[in-house]
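The structure appears below as structure tokens.
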Amino acid sequence: MMSTMSNRIDGTAASSSVTGPISTPAEAWAALRDGNQRFVRDEMAHPSQGAGRRQELAVAQNPFAVIFGCSDSRVAAEIIFDQGLGDTFVVRTAGHVLDTTVIGSIEYGIGVLDSRLVVVLAHDSCGAVAAAAHTLATGEQATGFVRAVVDRVIPSIVNVTSRGEDVRDENMLRREHVRHTVDQLYGYSAAIRAAVDDGYVAIVGVEYTLADGRATLLEVKGDVGEKPVAA
């Protein structure tokens with residue numbers, strides 16, 4: 001592990017309870033992709049959820065991926081990627097909006113826990129994206145602290161309007177927000193950027209479809225052995 005990120009609490013390599021030790025971002029993405037394919041086929045392995053695994057994890061955790069996703073109840077990361085206890089380090093906010101505590105949590109995942117992949121996980125029918133589009137279209141502001149969430153999505157929507165594109169296109173807005181979030185993570189955090197540039201970590205933007213359960217690769221910073229789908 002690079003010296004700038006060497007804060008590990010133990011010497012155990014990151015691993016998946018299904019595939020075993022994971023040493024590259026490409027291996028980490030393959031483990032998640034394969035797990036999602038099992039989920040889509042309704043052939044889940046439901047790995048590492050028993051008493052033995054719980055006892056093992058009481059000593060230390062070595063998740064192979066950090067998943068930063070929306071808080072939506074329909075998008076439980078461990079379930080849709082068919083992973084077990086200790087496999088993924090999950091951070092969630094409404095609309096997968098970033099703040100310093102989120103970035104710090106992700107830095108912890110790769111710097112201390114040795115995770116090799118950061119996933120930004122979005123989904124269709126996202127209320128935060130819809131609320132941001134509504135605010136821009138009507139000028140009506142969300143109330144209470146919900147406004148803090150909406151305000152952090154709006155810059156992604158502005159990227160679309162600045163290109164003269166239709167803000168009523170939910171798919172376009174959602175995908176722009178994923179890509180913008182990936183760019184923010186890479187741009188705001190020197191530690192994350194260094195890990196990506198050194199090939200130690202990759203960041204991917206992924207879109208989950210509620211009806212069919214598929215997780216589609218939209219954006220990649222680094223090398224995960226797979227190209228994202230076309231915009």
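The values are calculated or read from the model by the stated rules, or taken from the named source; none is laboratory data. Small disclaimer: the values here were computed from a predicted structure and weren't measured. Every residue, glycine as well, gets a Cβ built from its backbone with ideal geometry; the counts of neighbours run over all protein chains shown.
Residues in the stretch 103-116 that are touching a helix residue (DSSP H, G or I) at 6+ places or on another chain (Cβ under 9 Å) and either buried (at least 17 other Cβ atoms within 10 Å of the Cβ) or among the small types (Gly, Ala, Ser) (or both): Ile103, Ile106, Glu107, Ile110, Gly111, Asp114, Ser115, Arg116. Given the structure, is Ala60 buried (at least 18 other Cβ atoms within 10 Å of the Cβ) and either in a helix (DSSP H, G or I) or out of contact with any helix residue (DSSP H, G or I) (no Cβ under 9 Å at 6 or more places or on another chain) (or both)? So Ala60 does not fit the description; no. Against the test of being assigned to a loop (DSSP other than H, G, I, E, B), aliphatic (A, V, I, L, M), buried (at least 21 other Cβ atoms within 10 Å of the Cβ) and touching a strand residue (DSSP E or B) at 6+ places or on another chain (Cβ under 6 Å), the options Val224, Val120 yield a single qualifying residue, Val224. Taking first residues from the stretch 174-193 that are closer than 15 Å to Asp99 by Cα and in a helix (DSSP H, G or I) and partners that are modelled with pLDDT of 95 or more and among the aromatic types (Phe, Trp, Tyr), the Cβ contacts under 9 Å between residues at least 6 apart in sequence or on separate chains come to Thr181/Phe68; Leu185/Phe68; Ile192/Tyr186.
Condition first: among the polar types (S, T, N, Q) and at pLDDT 95 or above. Can you find one or more residues in the stretch 200-212 that meet it? Within the stretch 200-212, one or more residues are among the polar types (S, T, N, Q) and at pLDDT 95 or above.
The single condition among (1) touching a strand residue (DSSP E or B) at 6+ places or on another chain (Cβ under 9 Å); (2) surrounded by 21 or more Cβ atoms within 10 Å (Cβ to Cβ) that Val153 does not satisfy is (1). Within the stretch 178-216, the set of residues being surrounded by fewer than 18 Cβ atoms within 10 Å (Cβ to Cβ), among the hydrophobic types (A, V, I, L, M, F, W, C) and over 23 Å from Gly104 (Cα atoms) comprises Leu210, Ala211. Looking at (1) surrounded by fewer than 21 Cβ atoms within 10 Å (Cβ to Cβ); (2) touching a helix residue (DSSP H, G or I) at 6+ places or on another chain (Cβ under 8 Å), can you tell me which one Arg147 breaks? That leaves (2) as the condition not met. Scanning the stretch 64-99 for residues that are out of contact with any Leu (no Cβ under 9 Å at 6 or more places or on another chain), part of a strand (DSSP E or B) and polar (S, T, N, Q) yields a count of 1. Checking each residue in the stretch 70-85 for being surrounded by fewer than 20 Cβ atoms within 10 Å (Cβ to Cβ), under 15 Å from the mean Cα position of the chain (by Cα) and of a type in the set (S, T, N, Q) picks out only Ser71.
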